[in-house]
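Undergrad: The structure's right below; bear with me while I get my questions together.
Quick note: the coordinates plus some simple rules give every number you see, no bench work behind them. Please read all numbers here as calculations on a predicted model, not as lab measurements. Heads up, the Cβs are rebuilt from the backbone with ideal geometry, glycines too, and the neighbour counts pull from every protein chain shown.
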Amino acid sequence: MALELLRTSLQARAWREAATGRVGVVPTMGYLHAGHQRLISCARERVGESGQVIVTVFVNPAQFDRREDLEAYPRDEARDCAAAEAAGADAVFIPRAPTELYPAGAETWVEVKRLDARLCGATRPGHFRGVCTVLSKFWGLLRPDVSVYGEKDYQQLAIVRRLHRDLFLSGEVVGVPTVREADGLALSSRNARLTTPGRRAAVAVPRYLAAVRARFDRGVRDRSGLLGAFEAALAPGRPDYVDLVDADSLDAVDHVARPAVCALAVFFDGVRLIDNVVLDPAAS
Ligand code: AMP
């Protein structure tokens, strides 16, 4: 069956009502790459051949704290439809305007407390409130049996799991390991905005995270020993934050005695890239 393109919230709801079998949802901001496609194939596997997979493509204004970032976010709907279909999607929901999701008179905002205190939540105020609100709208329209997210956005996945649990939502939340370029750089729609020297320099991110992991594997457990001289290691990138947090609570960690995450956001050429590595003492 050909890919269905839905443009309005009413169409999205009607699609869900007509769907037979399990429904898988993959929320994205578009400019799809092989990381998104991995999420789509995972959704396909989870719902089976009798199920339906829908990809949402929406650059959600409510989650952007910087207008330049929102405006510069790359978009290509035709390419996104082809990439979604090739990965096994049955439908794509690309709202024709933000008012499809935020019509006049919409007054509801969804917030998960505490888990947003550090990392991206601290440096991008309001970001996760925007994410949680738009996801709640998608979940209301599409009622997923399974929804799929990337582990690259570690804090987002933790917040999504908590939101899902706190609202007693049915269905399953699935996390997928980060898909990377050959040199280790995490795939991201934002990579398209890097200059050639910026792209070359961005390899500092996976190299730095590999060095943190190597220190952890050698038995280093304290915060400063693990994080090391990160500014020098990430140069010429400009760190927005580099942090070591508990893998569940996302609270700061001084000494790793249970699973922790080293997470970071770094600007290269004004493009903000995020990545992380999970450090589990039981697995090391
Ligand atoms: P975005 O379009 O950047 O909002 O991402 C949409 C979804 O794709 C989120 O759940 C991301 O975590 C996930 N994602 C983005 N990049 C990757 C990647 N390199 N590997 C796996 N998942 C990813």
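Undergrad: If I model a spin label as a point 7 Å beyond the Cα along the Cα-Cβ vector, how far apart are those points for residue 17 and residue 72 in nm?
TA: 4.3
Undergrad: Quick one: go through region 208-228 and flag any residue whose amide nitrogen is under 14 Å from the point 7 Å out along the Cα-to-Cβ line of residue 161.
TA: Residues passing the 14 Å test: none.
Undergrad: Which FRET efficiency value, to the nearest 0.05, is calculated for residue 180 and residue 122 with the Förster distance at 30 angstrom and r the Cβ-Cβ distance?
TA: On the way: r = 26 Å, r/R0 = 0.86.
So, using R0 = 30 Å, E works out to roughly 0.70.
Undergrad: If you count the DSSP beta bridges with both ends in the chain, what percent of them are antiparallel, to the nearest 5?
TA: Around 50 percent antiparallel, to the nearest 5.
Undergrad: Under 16 Å from a point 7 Å along the Cα-to-Cβ line of residue 195: which residues of region 239-280 have their amide N that close?
TA: What the label zone holds, given the 16 Å backbone N cut-off, is 267-272.
Undergrad: Follow-up. Given springs between every Cα pair under 10 Å in a Gaussian network model of the chain, which of 123, 133, 56 has the largest fluctuation?
TA: Judging by the Gaussian network model, the answer is 123.
Undergrad: Based on DSSP H runs of at least 4 residues, each adding -39500 (n - 2.57), what is the mean residue ellipticity at 222 nm of the chain after dividing by all its residues, to the nearest 500 deg cm²/dmol?
TA: Details: 11 runs with 104 residues, N = 284.
Computed ellipticity for the chain at 222 nm equals -10500 deg cm²/dmol.
Undergrad: Let me ask another. Around residue 22, which amide H atoms from residues at least 5 apart in sequence, or from another chain, sit under 5 Å from its own amide H, with H modelled in the peptide plane?
TA: The list, which skips near neighbours in sequence, is 51, 52.
Undergrad: Something else now. Roughly what would the spin-label model give for residue 229 and residue 96, points 7 Å off Cα along C-beta, in nm?
TA: Going by the 7 Å Cα→Cβ label model, 5.8 nm.
Undergrad: Considering only C-alpha atoms, what is the centroid distance from region 230-272 to region 1-80, in Å?
TA: So the two Cα centres are separated by 29 Å.
Undergrad: Under 18 Å from the 7 Å Cα→Cβ point of residue 278, by amide nitrogen: which residues of region 121-149?
TA: 147-149
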